[in-house]
Amino acid sequence: MQDAIPTPENIDAVFLTRVLGSAGFGSAEVLGFTAERIGTGQLGRCYRFRLELANGGSDAPRSLVGKFPSDDAKSRETGVALGLYRKEVEFYRTLAPRLRIRTPHCYFAQVDGVGPDFALILEDMAPAIAGDQIRGCSPEVARAAALEVAGLHAPTWCDAKLREVDWVVGSSGASRPLYESLLPSFVARYGSELDADVIGILRRVAGASGPPFEYPAEPFSVVHIDYRLDNLLIDETCSPPRVTAVDWQSFVLGSPLSDVAYLLGASLLPEVRRPVERGIVRDYHARLIELGVRGYDWERCWADYRRGSFAGFAVTVVASMIVQETTRGNEMFLCMARRHARHALDLGAEEFLTPRG
């Protein structure tokens, strides 16, 4: 019988001592701890546990991060319906060890079926801090993040065996019918603050075949889907910046360049993005080759990147309508809609949209 899944309210020093022991710190004893809520996640809630240790040596962690289901009923229902809680637990249990992308070390991962009850105890990546989706980032941070995500794509590049794993293949929830049905509500909520050409291309996606719902069959890999600043922990005390990817709830098999386009389109202000994006994508492509990807030339990579500029449309419209509405969330989704739409327009990516009869 599975032990009860810990919650922020019932975690105790005995449990944390056991977690450290299972990670190889057998002599460490947690005498006490404090817990503080961190982050702004909408499907989960995170806490930092600062530990008072006896023994354990200098390398035993003095703080850990715990992730648990959201305390909002609507968000929990979304997490269960889309299998997102199970996905994240299985990611850390099974998939992370084969990847070359930096992720937190996982000390504990447990889920009850598909949730909502789950718990993750993860490495605390401090002094790295979460990026700010609204503020954006520098080209240096964007480049570091693009190179890092190549370490997700290359090890899973066109791996047909992954198509047989149900928690990998599972839906991201962002289907075209759902996008079409939610777009009027999205426009009703945000349309007064969006330019006409932004609303126009959001609507054009709803009435066309192509991205972000259909991509060429190859190449494919595991894609994060929500690879943006709020889901990245960034340490700018290093040069280049060190980036760690978190929030592995939504990954699926998809077009690798959609992650890169989503990252750059959302993270860089348009006037900052335009002069640097081609160089960053070239560096990403070189990193793929370095990690063993073959038969994927630069011209195909750039075309796939342009096609991927639509990736943020689905996340923006669908997620904004199915999670708890918050003031920051509204500001973030507005920001994303503007930047992703401008990105696609800047790149002339409408050519990848085919009107449906």
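The values are calculated or read from the model by the stated rules, or taken from the named source; none is laboratory data. Computed from a predicted structure; not experimentally measured. Using ideal geometry, Cβ is built from the backbone for each residue, glycine included, and neighbour counts are taken over all protein chains shown.
Can you list the helices (runs of 4 or more DSSP H) found entirely within region 263-329 that contain at least 1 residues being of a type in the set (Asp, Glu) and over 20 Å from the mean Cα position of the chain (by Cα)? Let's see the steps before the verdict.
Values: elements: 270-273, 277-290, 298-308, 311-314.
Per the criteria, 270-273, 277-290, 298-308.
Can you name the residue in region 44-62 that is among the small types (Gly, Ala, Ser) and surrounded by 13 or more Cβ atoms within 10 Å (Cβ to Cβ) and is also nearest to Gly115 (Cα to Cα) among such residues? Show your work before the answer.
In the first step, residues of region 44-62 are kept if they are among the small types (Gly, Ala, Ser); the result is 44, 54, 56-58, 60.
Still in the list and also surrounded by 13 or more Cβ atoms within 10 Å (Cβ to Cβ): 44, 56, 60.
Numbers: Gly44: 12, Gly56: 33, Ala60: 30 Å.
Taking the candidates together, the pick is Gly44.
For region 1-17, a residue qualifies if it is touching a residue at least 40 places away in the same chain (Cβ under 8 Å) and either hydrophobic (A, V, I, L, M, F, W, C) or in a helix (DSSP H, G or I) (or both), and the qualifying residues are Ile5, Ile11, Leu16. Listed by first and then second residue, the pairs with beta-carbon distance under 7 Å, at least 6 apart or on different chains, first residue in region 18-30 and within 11 Å of Ala54 (Cβ to Cβ), second of a type in the set (S, T, N, Q), are Ser27/Asn55; Ala28/Thr17; Ala28/Asn55; Glu29/Thr17; Glu29/Asn55; Val30/Thr17.
Only one entry in Leu64, Leu84 is at pLDDT below 95 and within 30 Å of Thr327 (Cα to Cα), namely Leu84. Using the structure shown, decide if Gly66 is outside any helix (DSSP H, G or I) and on the phi > 0 side of the Ramachandran plot. No.
Residue check: is Ile134 among the aliphatic types (A, V, I, L, M), surrounded by fewer than 17 Cβ atoms within 10 Å (Cβ to Cβ) and either modelled with pLDDT under 95 or not assigned by TED's automatic domain parsing to the domain that holds His340 (or both)? Even if it seems obvious, please write down each step before you answer.
Values: among the aliphatic types (A, V, I, L, M): yes; surrounded by fewer than 17 Cβ atoms within 10 Å (Cβ to Cβ): yes; either modelled with pLDDT under 95 or not assigned by TED's automatic domain parsing to the domain that holds His340 (or both): yes.
Yes; evaluated as a whole, the condition is true for this residue.
Every residue in region 1-43 that is among the charged types (D, E, K, R) and at pLDDT 90 or above, please. Correct list: Glu9, Asp12, Arg18, Glu29, Glu36, Arg37.
Filter region 97-114 for residues that are touching a Phe, Trp or Tyr at 6+ places or on another chain (Cβ under 8 Å), in contact (Cβ under 8 Å) with a residue 40 or more places away in the chain and either under 29 Å from Arg143 (Cα atoms) or surrounded by fewer than 21 Cβ atoms within 10 Å (Cβ to Cβ) (or both) and give the result. Of everything in region 97-114, those that are touching a Phe, Trp or Tyr at 6+ places or on another chain (Cβ under 8 Å), in contact (Cβ under 8 Å) with a residue 40 or more places away in the chain and either under 29 Å from Arg143 (Cα atoms) or surrounded by fewer than 21 Cβ atoms within 10 Å (Cβ to Cβ) (or both) turn out to be Thr103, Gln110, Asp112.
Please specify each residue of region 316-335 satisfying the condition of being among the hydrophobic types (A, V, I, L, M, F, W, C) and either surrounded by 24 or more Cβ atoms within 10 Å (Cβ to Cβ) or assigned by TED's automatic domain parsing to the domain that holds Leu82 (or both). Show your work before the answer.
We begin by selecting, within region 316-335, every residue among the hydrophobic types (A, V, I, L, M, F, W, C); these are 317-319, 321-323, 332-335.
The one that is among the hydrophobic types (A, V, I, L, M, F, W, C) and either surrounded by 24 or more Cβ atoms within 10 Å (Cβ to Cβ) or assigned by TED's automatic domain parsing to the domain that holds Leu82 (or both): Val317.
Residue by residue, here is whether (1) under 17 Å from Arg102 (Cα atoms); (2) part of a strand (DSSP E or B) holds:
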residue	(1), (2)
Gly191	no, no
Leu202	no, no
Pro216	no, no
Val222	yes, yes
Tyr227	yes, no
Ile234	yes, yes
Ser239	yes, no
Val260	yes, no
